[in-house]
Amino acid sequence: MLRDPVFAQAETLLGSSTFWILLMVVFVVIFLFLGMVALLKQFKRCPSNRVLVIYGKSGRGQAATCVHGGARFVIPLLQDYAWLSLEPMQIEIPLRGALSMENIRVNVPSVFTVAIGTTPELMQNAAIRLLGLSSQEIKKQAEDIIFGQLRQVIASMNIEEINRDREAFLTNIQNSLEPELKKIGLVLINVNITDITDESGYIEAIGQKAASQAIQKARGDVAENEKMGEIRVAEADREKTISVAEAMKFREIGTRQAERDRAVRVAELEKEQRVGEQTAAFEKDSLVKEAEQQMRVRLADAEAKAIEGENLAKATIAASQASLEVKQAEAYQLGETRKREAEAAVLEAQHRALARAALAEAERVEAKRRADVEAPAKAEKARIIVEAEAEAEKRRIEAEGEAKAVFSRLEAEARGQYEILAKKAEGLRQIIEACGGADKAFQMLLLEHFDDLVSASAQAISNIKFDKIVVWDGAQGGDGTSATTRWVHDLARVLPPMMQVMKDVAGVEIPDTLAAVGEAAAKTVKTPPATPSPKAAD
């Protein structure tokens, strides 16, 4: 037996028994690895857009096990698997000639969107009836079911119901179609009705009728909106006029108030200025008088000192002369006499100076007292005068403002009354133009209030009880007719024109009986009674 040199070399190195054991271990490991790979391939994960169907030995009395959104292990040799797609399928249904409840053939082309359901029941039904079929084959089965159920729904409804209430039509289709689709594992996702027509033109006539009604309603709405627009424009104009008048009023009031406040403030400032000027003037006069008093006092003091100096000088001279007279015996007596005269003059001068100083002090005190007394009085007098003038100016400004406010209010009211009367006059003018003259307009307005006049007349005599009416008619006219006859004659003459006016203006048709009565009355008045006699009617 030939051997591989590698195995022979390994057998030589390891020994015969050890080599074969290692070889068996390697084979076992390789076998286990391959087995694990095969088992891992049998573990199937289901994506979200598919359904995993495991068939074969499924257990629990089911033909297959359906998994959506999970994973399962497929037992080799005992089980196998397949996939069902959950993608939506659009099926076009060109339905034509379906009979409605009125036996009118209707064309309803539509598009249905279906898909395999994901509930356990639907997945089981799909696994039983759709597993292994292509997408086209599934669409074919669903199309046959949809055709039949759609015809059945159309046969149970009127054309007007189908055309008017699409929601109810779709609801009936879903209620009828979904149970049939569930039997093969499908669900209805969407129904899109492309169009609804009929061979007789009934739906088109309904549409034309609805369009005509919509147009009429739209025209009415347009007219109503135009009317409301005109009303709103008139109201807006009125509100604008009122707002402008109010704004002008507030502006005038604000302006007057500002002017009044400014005048009051100016008067107050002027008053303060005048008071300040008067106070400054009084203070200035006081200072001037005080300076004058001080000057006079100083002059008096200077004069007193000058006199005192003169006296002293004279006394010195007299003393010198006295000394000379002493030395000269002959002039002693004369010196003594002059000396005594000089002393007396000095004393007199001193007394005069003191008297002048006292008089100046008294005058200064009196002037200061008068200034202290007169200055507050004059300042108070000036303040009272300024306050009185300011109060008078304030009252004058307030009176002017109130007068202008009253004038503005009365002017605004007059404008409002003028606008109302102008609008009323414009309306009456339009009525006269529409009626073709003032007489016909007056007759039309009189007819509008005719019911009120009749009601007022009936109300006035409603409580009067008439047991008997006696008519004494003894007056004869120039042609020998009585007053009653003339009244009936006038009534017969006025009645036909009145009936013609009521017919032309108000559109009121007077019965032929009343017209015949008027003609008979006109004929009757031609035959006057022979003699006046009293007539009584119960």
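The values are calculated or read from the model by the stated rules, or taken from the named source; none is laboratory data. It should be emphasised that the depicted structure is a prediction, and the values quoted were computed from it without experimental measurement. Every residue, glycine as well, gets a Cβ built from its backbone with ideal geometry; the counts of neighbours run over all protein chains shown.
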Hey, Leu181 part of a helix (DSSP H, G or I), over 48 Å from the mean Cα position of the chain (by Cα) and among the hydrophobic types (A, V, I, L, M, F, W, C) or not = yes
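Results for (1) out of contact with any helix residue (DSSP H, G or I) (no Cβ under 8 Å at 6 or more places or on another chain); (2) assigned to a helix (DSSP H, G or I), shown as yes or no for each residue.
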| position | (1), (2) |
| --- | --- |
| Ile189 | yes, no |
| Asn192 | yes, no |
| Lys209 | yes, yes |
| Ile215 | yes, yes |
| Arg219 | yes, yes |
| Lys227 | yes, yes |
| Val233 | yes, yes |
| Ala236 | yes, yes |
| Thr241 | no, yes |
Say we look at the stretch 68-81 and pick out the residues that are closer than 20 Å to Ile116 by Cβ and surrounded by fewer than 18 Cβ atoms within 10 Å (Cβ to Cβ); which of these is nearest to the chain's Cα centre (by Cα)?
-> Gly69
Tabulated pairs, the stretch 110-124, first within 16 Å of Lys140 (Cα to Cα), second among the basic types (Lys, Arg), C-beta under 9 angstrom, 6+ apart or interchain = Val114/Lys139
Just to be sure, is Arg370 among the charged types (D, E, K, R) and in contact (Cβ under 8 Å) with a residue 24 or more places away in the chain?
-> no
With respect to Ala322, is the statement that it is aliphatic (A, V, I, L, M), part of a helix (DSSP H, G or I) and either closer than 30 Å to Gln278 by Cβ or at pLDDT 70 or above (or both) true?
-> no
Evaluate the following for Ser58: is it modelled with pLDDT under 80, outside the structural domain of Gln124 (by TED's automatic domain parsing) and farther than 30 Å from Glu121 by Cα?
-> no
Look through Lys271, Lys249, Lys240 and report the one residue that is loosely packed, with under 11 Cβ neighbours inside 10 Å and over 30 Å from Arg364 (Cβ atoms).
-> Lys240
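Condition check ((1) under 56 Å from the mean Cα position of the chain (by Cα); (2) in contact (Cβ under 8 Å) with a residue 40 or more places away in the chain; (3) closer than 30 Å to Lys404 by Cβ) across all residues:
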position: Lys271; (1), (2), (3): yes, yes, yes
position: Ala281; (1), (2), (3): no, no, no
position: Met295; (1), (2), (3): no, no, no
position: Ala300; (1), (2), (3): no, yes, no
position: Glu303; (1), (2), (3): no, yes, no
position: Ala313; (1), (2), (3): no, no, no
position: Ile317; (1), (2), (3): no, no, no
